[in-house]
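**Q** My questions all concern the structure below.
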Amino acid sequence: MSSAAVPVGAQRLPSAALRRFAWAVLVYFIAVILWGTLVRATGSGAGCGDHWPLCNGTVMQHSPRVDTMIEFTHRLTSGLSFFSAVGLLAWTFAGTVRGHLARAAAVATVAFTLVEAVVGALLVKLGLTAQSQSPLRAPYLALHLTNTLLLLAALTLTAHLLSRSRGYTRNTVRLVAPLGAICAVVVVMIVGVTGSLAALGDTLFPATSLGSALAQDFSATSGWLVRWRWTHPTVAFFASIVLIWLLVRASRRTAHWDNRGLSALVLLLLAAQYVLGVLDVVLLAPLWLQVAHLLDADVLWAALVVLTARLTLEPVERQGTGIRE
């Protein structure tokens, strides 16, 4: 292979171990989020009382209840996620060149992880867990979910940028039509927030049949959280139009990456979201289905972030060399 075919700075690319670690941290964070869904769906959020970060005022739990074990496990895994984010940040700075975009994404990951911990602590200290119907719970949950999505986006960007062989530093990329991509990402975030509120309504006001669930959704006597549930599938429908536009645009852009495979994956995950969403309504949101629905949503979000990064952070040619970064 000629020297002109080798990307400039290839000898300073992040190690394979660092790239694998970044993707592994992302997978671990998704697992922690899924366990958090188990905490909410089982009403175990108050399993440790109003103590934080301790559980029921102690570190070691003696003869704990099931809800205590579920909540305590979530706290332990969340704590480990913070240390894994800090480890990723340190390794990224040590293993990349100055100006590498993954450094900024890793810093954002740690920042969002800290916010996640603060919001989680407030949920516990304010008693906005288990079967609490406080009017503060919904906005705090929306804030929590928004931060979670931003955290996953930062983690995904870190892993993606570390995996790039070109277009990974500030002076080797250019922004291409960022407004459309940002709109698509924001729309998906809105879908996620409405979905979290719909899931909270299912938890606090479970229905005994599909007919009673539909009656609750449109009853004037139901609380706003129950009547809010119909907005999630409605917003999801309009969001799919925006996503399909993004996929069509991505499939036509193959100058630097072949986006057809990733676009097909996003489309498949999007279709799975609709199938799981319908089953969620028909089967009255059983726990296993809520977890599967969220898992698919998280993977869809990560794939969408990578696709958006490919479209908007485009490698540029070095003037006078013809070499692409």
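Where a number appears in this text, it was derived from the coordinates with a stated rule and is not lab data. As the structure is a prediction and not an experimental result, all values here were calculated from the model. Methodologically, a virtual Cβ is constructed for each residue, glycine included, from the backbone with ideal geometry; neighbour enumeration extends over all protein chains shown.
**Q** For segment 80-184, take every pair of Cα atoms, bin their distances at 5 Å starting from 0, and report each bin as a whole percent.
**A** Taking all Cα pairs of segment 80-184, the binned fractions are 2, 12, 18, 18, 16, 12, 10, 6, 4, 2, 0 percent.
**Q** Taking the Cβ of each residue in Ser15, Ser196 as the centre, tally the other Cβ atoms inside 10 Å and list the residues starting with the fewest.
**A** Ser15, Ser196
**Q** Ok, one more. log10 I(q)/I(0), Debye, Cα-only segment 14-163, no solvent, q = 0.18 Å⁻¹?
**A** Computed log10 I(q)/I(0) values: -0.99.
**Q** Please get the size of the charge dipole for segment 68-167, origin at its Cα centre, with Cβ charges of +1 on Lys and Arg and -1 on Asp and Glu, quoted in debye to the nearest 20.
**A** About 300 debye.
**Q** Could you line up Leu276, Leu287 from fewest to most neighbouring Cβ atoms inside 10 Å?
**A** Leu287, Leu276
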